[in-house]
1. So, of the residues in region 129-147 that are within 13 Å of the ligand (Cβ to nearest atom) and closer than 14 Å to residue 186 by Cα, which turns out to be surrounded by the fewest Cβ atoms within 10 Å (Cβ to Cβ)?
2. Do we find a residue being touching a His at 6+ places or on another chain (Cβ under 8 Å), over 27 Å from residue 150 (Cα atoms) and open to solvent by 40 Å² or more (accessible area, probe 1.4 Å) anywhere in region 79-87?
3. Those residues that are of a type in the set (Gly, Ala, Ser) and either more than 30 Å from residue 161 (Cα to Cα) or touching a residue at least 24 places away in the same chain (Cβ under 8 Å) (or both), I need them from region 192-217; list them, please.
4. For region 45-65, give me each residue that is open to solvent by less than 30 Å² (accessible area, probe 1.4 Å), within 16 Å of the ligand (Cβ to nearest atom) and not in a helix (DSSP H, G or I).
5. Taking the residues in region 4-44 that are more than 13 Å from the ligand (Cβ to nearest atom), not charged (D, E, K, R) and not in a helix (DSSP H, G or I) as candidates, determine which candidate is surrounded by the fewest Cβ atoms within 10 Å (Cβ to Cβ).
6. Out of region 33-57, which residues are polar (S, T, N, Q) and over 18 Å from the mean Cα position of the chain (by Cα)?
Amino acid sequence: MKFFIDTANLAQIKEANDLGILDGVTTNPTLMAKEGIKGHDAITNHYKTICEMVDGPVSAEVLGIEFEDIIEEGKKLAAIHKNIVVKVPMIKDGIKAIKWFTDNGIRTNCTLVFSAGQAILAAKAGATFVSPFIGRIDDGSWDGVQLVEQIVNIYNTQGFMTEVLAASIRNPLHIVRCAEAGADVCTCPLSSILGLLKHPLTDLGLAQFLNDAKSMQ
Ligand code: E4P
């Protein structure tokens, strides 16, 4: 399973990238706004900076919701850097646009996916990635990871090439369960990635080893 970081924060991207386990980045308008990125030039420069930091797919979301706007924006985003993947919402014009991007060699990430039916449509349109939103499904007391499992099964059965990118990850257990469910990619906040490191027995064991090591010197 590939690891993407789900942020537009450059310090966090650097910290995850320095670990050597980062395969890509996802952003969305909320994450970009959180970093105070405003205006066409600032947006373009920020994506360029991220692409130069991380050697892997960087999802940049379109802001338009009508076919022509999505195409115009997507073409400009894709031209910023070869790592850019155009992120398109799961709406009727979005599916049409994903098909257009597929036919024109531009990679896409179909976002805001909450059902297996939506995931089938994204795959039919040729999306490179499909993003089911695990945490937001859990927030409604459904099981987000079950949806990942269902999409993975459908794609395997049907031979769809679209990669299942588990998004809206809220904790380390989500990452583990998405790996079990067969997700191709998990996009996570830095805190969830670092949370995977933690175990009290590791801390206790290391403290003892360090203490015993003193008697060996
Ligand atoms: C990434 O592709 C999604 O936009 C993101 O994971 C959504 O996460 P959230 O539900 O925590 O906002």
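1. In the first step, residues of region 129-147 are kept if they are within 13 Å of the ligand (Cβ to nearest atom); the result is 129-140, 144.
Now narrow it down to the ones that are closer than 14 Å to residue 186 by Cα: 129-135, 144.
Values: 129: 26, 130: 31, 131: 28, 132: 31, 133: 18, 134: 28, 135: 16, 144: 26.
My answer is 135.
2. Taking region 79-87 first, the residues touching a His at 6+ places or on another chain (Cβ under 8 Å) are none.
No: region 79-87 contains no residue that is touching a His at 6+ places or on another chain (Cβ under 8 Å), over 27 Å from residue 150 (Cα atoms) and open to solvent by 40 Å² or more (accessible area, probe 1.4 Å).
3. Filtering region 192-217 down to residues of a type in the set (Gly, Ala, Ser) leaves 192, 195, 205, 207, 213, 215.
If the condition is that a residue be of a type in the set (Gly, Ala, Ser) and either more than 30 Å from residue 161 (Cα to Cα) or touching a residue at least 24 places away in the same chain (Cβ under 8 Å) (or both), then 195, 205, 207, 213, 215 are the ones that fit.
4. Those that are open to solvent by less than 30 Å² (accessible area, probe 1.4 Å), within 16 Å of the ligand (Cβ to nearest atom) and not in a helix (DSSP H, G or I): 54, 56, 57, 58, 59, 60, 61, 62.
5. Step one: of region 4-44, the residues more than 13 Å from the ligand (Cβ to nearest atom) are 9-23, 35-44.
Remaining after also requiring not charged (D, E, K, R): 9-13, 16-17, 19-22, 36-37, 39-40, 42-44.
Still in the list and also not in a helix (DSSP H, G or I): 9, 19-22, 36-37, 39.
On the way: 9: 16, 19: 13, 20: 6, 21: 12, 22: 21, 36: 9, 37: 17, 39: 8.
Result: 20.
6. Here is the first cut: in region 33-57, the ones polar (S, T, N, Q) are 44-45, 49.
Answer for region 33-57, where residues must be polar (S, T, N, Q) and over 18 Å from the mean Cα position of the chain (by Cα): 44, 45.
The values are calculated or read from the model by the stated rules, or taken from the named source; none is laboratory data. In this text, all values refer to a predicted model and were calculated from it rather than measured experimentally. We place every Cβ from the backbone using ideal geometry, glycine too, and count neighbours over all the protein chains shown. Side chains included, ligands, DNA and RNA excluded: accessible areas come from the protein's heavy atoms. Shrake-Rupley method; radii C 1.70, N 1.55, O 1.52, S 1.80 Å.
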